[in-house]
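> For reference, the structure I am asking about is given below.
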Amino acid sequence: MLRLSTTWIRRNLVVIAGLLTLAYLVLPNIIVMVFSFNKPAGRFNYSWREFSTHAWQDPCGVSGMCDSLSLSLWIALWATIGATVLGSMIAFALVRYRFRARGAINSLIFLPMAMPEVVMAASLLTLFLNLGAELGPTTILIAHTMFSLSFVVVAVKARVMSMDPRLEEAAKDLYAGPVQTFLRVTLPIAAPGIAAGAMLAFALSFDDFIITNFNSGNTVTFPMFVWGSAQRGTPVQINVIGTAMFALAVIVVVAGQIISGRRRKTALSE
């Protein structure tokens, strides 16, 4: 019996390790969900007291929280658009064209990913102060677009490098123009990489605290609001927002998988 159990563990060791890792990653989110239904006795929502849906009924009951949330969503949205557009163009240029300093640019793209956030935040603050820029939503947006750009470039570049150039050549042989080839062939193939880069940029921008804290001035984003609240008391509504954002992310990922699976089935049936 012991030998059989040992053999089974060896055969399924990778699966077991994967499930344990997944549980480790999901456990904090589950705790956030559970405590979003808590009714704490004091200001801190750190111990379970009793079940309540009051926070869900009034998610904006804490002064300033929804304002900071809407600001974070606005900044993340525009930072994602800017980083996705610029990052996609840079990725196509690096893969499709040969030019001077191409290798140096490839190396520089990885610098924001490798550089500590504190160093980047201090560097951006120095830049803004020397330019005389007023710290606020605009400087936060510029900073978020800058550090998200590298992640978009890496995601899109990997997708573009895996593309078969013969597909575009076949489109040209069928008298498709450059714009039509890009819209009908290139863009649909590169779309998963672009979408992955955009989702990553949005998550990084919405969640950022260190760079935002250096370059925000008197502006308060949602991560800064959460940090400030933790000093004097953590409202349950923070768990509600966290749970809603996690659920939305799961829905987007599941929907993407379903759509991708249906497209594969349709392609195979044809």
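The values are calculated or read from the model by the stated rules, or taken from the named source; none is laboratory data. On a predicted model such as this, the values are computed, not experimentally measured, just so you know. Please note: Cβ atoms are built from the backbone with ideal geometry, for glycine as well, and neighbour counts cover all protein chains shown. Side chains are part of the model used for accessible areas, which takes the heavy atoms of the whole protein and leaves out ligands, DNA and RNA. Shrake-Rupley method; radii C 1.70, N 1.55, O 1.52, S 1.80 Å.
> What about ARG98, is it of a type in the set (Lys, Arg) and open to solvent by less than 80 Å² (accessible area, probe 1.4 Å)?
In short, no.
> Which condition from (1) out of contact with any Lys or Arg (no Cβ under 6 Å at 6 or more places or on another chain); (2) in contact (Cβ under 8 Å) with a residue 24 or more places away in the chain; (3) small (Gly, Ala, Ser); (4) within 26 Å of TRP74 (Cβ to Cβ) is the one that GLY193 breaks?
With (1) out of contact with any Lys or Arg (no Cβ under 6 Å at 6 or more places or on another chain); (2) in contact (Cβ under 8 Å) with a residue 24 or more places away in the chain; (3) small (Gly, Ala, Ser); (4) within 26 Å of TRP74 (Cβ to Cβ) applied to GLY193, the lone miss is (1).
> Right, next: How do the pairs read when you match residues in the range 158-176 that are aliphatic (A, V, I, L, M) with residues anywhere that are open to solvent by 100 Å² or more (accessible area, probe 1.4 Å) and part of a helix (DSSP H, G or I), using Cβ under 8 Å and keeping only pairs 6 or more apart or on different chains?
Taking only residues 6 or more apart or on different chains, the pairs are ALA171/ARG184; ALA176/ARG184.
> Restricting attention to the range 19-43, report how many residues are open to solvent by 80 Å² or more (accessible area, probe 1.4 Å) and either more than 22 Å from PHE225 (Cα to Cα) or in contact (Cβ under 8 Å) with a residue 40 or more places away in the chain (or both).
8
> So if I check each of SER123, SER88, which one is surrounded by 15 or more Cβ atoms within 10 Å (Cβ to Cβ), among the polar types (S, T, N, Q) and under 29 Å from THR221 (Cα atoms)?
SER88
> Another question, then. Can you name every residue in the range 245-261 that is without any contact (Cβ under 8 Å) to a residue 40 or more places away in the chain and either crowded, with 16+ Cβ neighbours inside 10 Å or closer than 15 Å to LEU73 by Cα (or both)?
Within the range 245-261, MET245, LEU248 qualify.
> Hand me the list of helices (runs of 4 or more DSSP H) wholly inside the range 1-109 holding 2 or more residues that are under 15 Å from GLN237 (Cα atoms).
Values: elements: 2-11, 13-35, 54-57, 65-96, 102-109.
Per the criteria, 13-35, 54-57, 65-96.
> State all residues of the range 204-221 that are open to solvent by 20 Å² or more (accessible area, probe 1.4 Å) and either aromatic (Phe, Trp, Tyr) or touching a helix residue (DSSP H, G or I) at 6+ places or on another chain (Cβ under 7 Å) (or both); if no residue qualifies, say none. Lay out the reasoning, then the answer.
In the first step, residues of the range 204-221 are kept if they are open to solvent by 20 Å² or more (accessible area, probe 1.4 Å); the result is 204, 206-207, 209-210, 213-214, 217-220.
Passing the criteria: LEU204, PHE206, ASP207, PHE209, ILE210, ASN213, PHE214, THR219, VAL220.
> Filter the range 136-168 down to the residues that are open to solvent by less than 50 Å² (accessible area, probe 1.4 Å) and not in a helix (DSSP H, G or I), then identify the one that is modelled with the lowest pLDDT.
That would be MET163.
> What helices (runs of 4 or more DSSP H) completely inside the range 172-270 contain at least 3 residues that are at pLDDT below 85?
Because the criterion is at least 3 residues that are at pLDDT below 85, the helices (runs of 4 or more DSSP H) in the range 172-270 that meet it are 178-181, 222-232, 236-269.
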